[in-house]
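In what follows, a structure is listed as structure tokens, so that the remarks can point back to it.
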Amino acid sequence: MAAIRTRKAITILLEMTKGEKAGQKIMATAIPIWDECGEIKRIVANIRDITEILYLKELLGKTQELNTIYAAELEYVRIQQMLNHSNVIARSQATRNILQMATQVAKVDSTVLVTGESGVGKEVIANTIHRLSPRSEGPLIKINCGSIPENLLETELFGYEPGAFTGARKQGKPGLFEMAQKGTLFLDEIGDITFNLQAKLLRALQDREIMRVGGLKPVAVDVRIIAATNKDLEEMVRQGSFRNDLFYRLNVVSIRIPPLRDRREDIPLLAIHFVEKINERYSLNKRLSPDVIDGFLMYPWPGNIRELENVTEQMIVMTEEDEVRTTQLPACIRNCIIPGTEGSRRLDRMPLKDAVEQTERQLLEQALRKHRSTRSVARALAVNQSTVVRKIQKYGLSSLCREMVDQTSRA
């Protein structure tokens, strides 16, 4: 009837809803046959059972979807196994975002610029990118550009030919670019290299070849570059102390690591990780008291993760008891966090943002211990419940919140 109404061939899909064939799917095609006068003489109908075809199509789609899911899960497991063998501690959302960027950029060969304060873990991120990259079987060569004089740094990076200068080896020496062939070259403190050497480094990055000191022929190199700095390279470009063309060549993918004070949720896990590492190194069995962890959470850590590791090791090795208590905290930390000590008078010497955050966290923790629910805490502090929840996440108090809830439930 549809073909008669429309006067053209038509195809429709049908599904049987009753009888023995309920659920059967049918594709029906009707083709008009015309007589000499242009009138429809008859309709030729072709009816096909396509139930199995549609089932197989649906099954194929589900199989392809499962394959995609399984491939993603296998990749995730592979990445997690690699991360578990590194020193990456990721509890805060900020650190998880950094790891996500690192795992994503590791799949390609783009140059990466890692920035952040001294001690935040830039080298750890470089290690992670290399371990997860297709170049992981190749070497990872590292150099601190700020610790080597300019004339020596050039020979370290590019190597030299025999007899290139007085004291040079007779057989010459390959540079770090050549040593990192098929692998990764990590240039730490890239902001400290001189303007003259910046130009030579730029040519190496652009041309994918280097010229040894005293050499006459360029040497092709296949190297992935990861650079790191604790300086503001954009400001250095504006001041003219860093080449803008080199900056843009390095800043293909930028990963900024926030300071430890901005990702306090990582502090307890980092501290526990360092304790385990130190115990293993010195055959000890020490632990940190909860009060020490609380003190760590309130301290601003200007030296970031490096300072946290050094402080933890100092406390572990200098304590005779199995449990390290707050009396073993360095004076700079005790003075900053313990009420009634010099720390209460030092708030005026802290950055305003750190002082506000420290006070806010203490008030929130005290309110949680007293009121035991985010709704009650919100009423006590005269803020919205959503604000309380957000601050709990910001200051890494989720475990304390769950503990208070559990205690209330048991009571």
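The values are calculated or read from the model by the stated rules, or taken from the named source; none is laboratory data. Keep in mind that this is a model prediction, so the values were computed, not measured. Glycine gets a Cβ as well: all are built from the backbone with ideal geometry, and neighbour counts include every protein chain shown.
See the values below:
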{"item": "In the stretch 106-115, the residues that are within 23 Å of Ala90 (Cβ to Cβ), surrounded by fewer than 20 Cβ atoms within 10 Å (Cβ to Cβ) and not basic (Lys, Arg)", "result": "Val108, Ser110"}
{"item": "Matching helices (runs of 4 or more DSSP H) fully within the stretch 197-309 where at least 1 residues are small (Gly, Ala, Ser)", "result": "266-282, 290-298"}
{"item": "Qualifying position, being in contact with an Asp or Glu (Cβ under 6 Å, 6 or more places away or on another chain) and either part of a loop (DSSP other than H, G, I, E, B) or modelled with pLDDT under 95 (or both), among Lys170, Lys182, Lys107", "result": "Lys182"}
{"item": "Some residue of the stretch 131-154 being surrounded by 16 or more Cβ atoms within 10 Å (Cβ to Cβ), out of contact with any helix residue (DSSP H, G or I) (no Cβ under 9 Å at 6 or more places or on another chain) and assigned to a helix (DSSP H, G or I)", "result": "no"}
{"item": "Out of Ile272, Ile293, sole residue that is under 22 Å from Gln366 (Cβ atoms) and surrounded by fewer than 18 Cβ atoms within 10 Å (Cβ to Cβ)", "result": "Ile293"}
{"item": "Condition met for Arg5 (free of Cβ contacts under 8 Å to residues at least 12 places away in the same chain and in a strand (DSSP E or B))", "result": "no"}
{"item": "Positions within the stretch 19-34 being part of a strand (DSSP E or B) and over 15 Å from Leu54 (Cβ atoms), in sequence order", "result": "Thr29, Ala30, Ile31, Pro32, Ile33, Trp34"}
